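In what follows, a structure is listed as structure tokens, so that the remarks can point back to it.
The values are calculated or read from the model by the stated rules, or taken from the named source; none is laboratory data. Just so it is clear, the structure is predicted and the values come from calculations on it, not from any experiment. Quick reminder, even Gly has a Cβ in these numbers, built from the backbone with ideal geometry, and neighbours come from all protein chains shown. Just so you know, the surface numbers come from the protein's heavy atoms only, side chains and all, with ligands and any DNA or RNA stripped out. Shrake-Rupley method; radii C 1.70, N 1.55, O 1.52, S 1.80 Å.
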Amino acid sequence: MQALTALPPLNETAGTRIGAEVLRGLSGRPKALSPWLFYDDEGSRLFELITELPEYYVTRSEREIFVAHADEIISAAGDGHLSLYELGAGTASKTGLLLRAAVRRQGNVRYQAIDISASALEDAKQSLEGEIPGVSVEALVVDYTDGLANLPLGQRQQDDRRMFLYIGSSIGNFDMPFALRILRDIRHQLVPGDTLLLGADLVKERQILLQAYDDPSGVTAAFNKNVLVRINRELGSNFNPQLFRHRARWNEECSRIEMHLESLITQIVFVPALDIQVRLGRAETIHTENSYKFTDEQIGGLLARAGFEVEQRWTDRRGWFGEYLARAV
Ligand code: AVJ
């Protein structure tokens, strides 16, 4: 019998989702972490605070569109009994405006809320079902960036119409190829005639963008640094958030806001669960998020390539945020 060569023990944590992401993101250079890591319970809570900041116009602008046009948006869905599905629903605070419009139109509505945060979805279900008679909420804790093929969306009835909601500029987190993949995944859940409502943040003056992602009260900084706190908790690392500075940059060429965590000193951080040391030079950054800003042409192009046709478009009074109703073709 032949002797087996001893293999190094497999590090179990490296096989978990967060372990794999931190190992990938912090091993090389430039360092980068995926924005889904923001959304533990504390991160979801901090994001809700961001949406209330005076500088963060994104949520307010989209709400303004829904307040003015919810009935129009819902009736644009066409004939049949409408069901709504939302990717990245979070606490679904704006979605209530659309659900109310759907109830006005057809008496009741089924709403499937899909999000990575269970706590946010619990809040959503509680408040929506409590406040809007006629709405039934089904919460699905799923990371939709893994694909939608296995979503339990249920049987489609004869006169069912599906409307997918992908609002709040969630699509802005992803580069073009990945954004396209998500839109195509959505398209696969639809039949011709169904619709997608896509909310996207529009290109605007640089100062306005920068303030929205670097508020003076420091909520966005806390949101950004929370990713380090989460990694400490889940992987046992010793990141000191105080040794990092929150940075927001406008990358004109790529048309995106970037968020980074900049190391204030040269430091070495230990991640026990992965058995790695992470060396950070002074002023070296960990790139934690992209938030792409779009033009109508870009959105129209993306949707066309995913099998949709833009049918209607709404903006807020300032023209800062775009809401696109796209029909599956
Ligand atoms: C949830 C991705 C839409 O990009 O504006 C807010 C996240 N990051 N402030 C955005 C975010 C910092 C937000 N999205």
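Considering GLY96, GLY90, GLY78, the condition of being in contact (Cβ under 8 Å) with a residue 12 or more places away in the chain, loosely packed, with under 15 Cβ neighbours inside 10 Å and within 24 Å of LEU151 (Cβ to Cβ) is satisfied by GLY78 alone. For segment 104-111, the criterion of a residue being farther than 22 Å from ASP194 by Cβ, modelled with pLDDT of 95 or more and surrounded by 16 or more Cβ atoms within 10 Å (Cβ to Cβ) is satisfied by no position. In segment 60-75, the residue that is nearest to LEU99 (Cα to Cα) out of those that are open to solvent by less than 10 Å² (accessible area, probe 1.4 Å) and within 16 Å of the ligand (Cβ to nearest atom) is PHE66.
The sole residue among GLY78, GLY90 that is in a loop (DSSP other than H, G, I, E, B), within 12 Å of the ligand (Cβ to nearest atom) and either farther than 17 Å from ALA221 by Cβ or modelled with pLDDT of 95 or more (or both) is GLY90. In this structure, LEU53 does not satisfy being in contact with a helix residue (DSSP H, G or I) (Cβ under 7 Å, 6 or more places away or on another chain), within 13 Å of the ligand (Cβ to nearest atom), assigned to a helix (DSSP H, G or I) and closer than 24 Å to GLN211 by Cβ. For residues that are in a loop (DSSP other than H, G, I, E, B) and touching a strand residue (DSSP E or B) at 6+ places or on another chain (Cβ under 8 Å), scanning just segment 203-217, find the one that is nearest to the ligand (Cβ to nearest atom). Once the filter is applied, the top-ranked residue is TYR213. Selection of segment 151-210 for residues being acidic (Asp, Glu) and open to solvent by less than 10 Å² (accessible area, probe 1.4 Å) yields ASP194, ASP201.
Filter segment 223-235 down to the residues that are touching a helix residue (DSSP H, G or I) at 6+ places or on another chain (Cβ under 6 Å) and within 13 Å of the ligand (Cβ to nearest atom) and list them by number. PHE223, LYS225, ASN226, VAL227, listed by residue number.
Take the conditions (1) within 16 Å of the ligand (Cβ to nearest atom); (2) under 19 Å from ILE65 (Cβ atoms); (3) over 15 Å from the mean Cα position of the chain (by Cα); ALA200 misses just one of them, which is (3).
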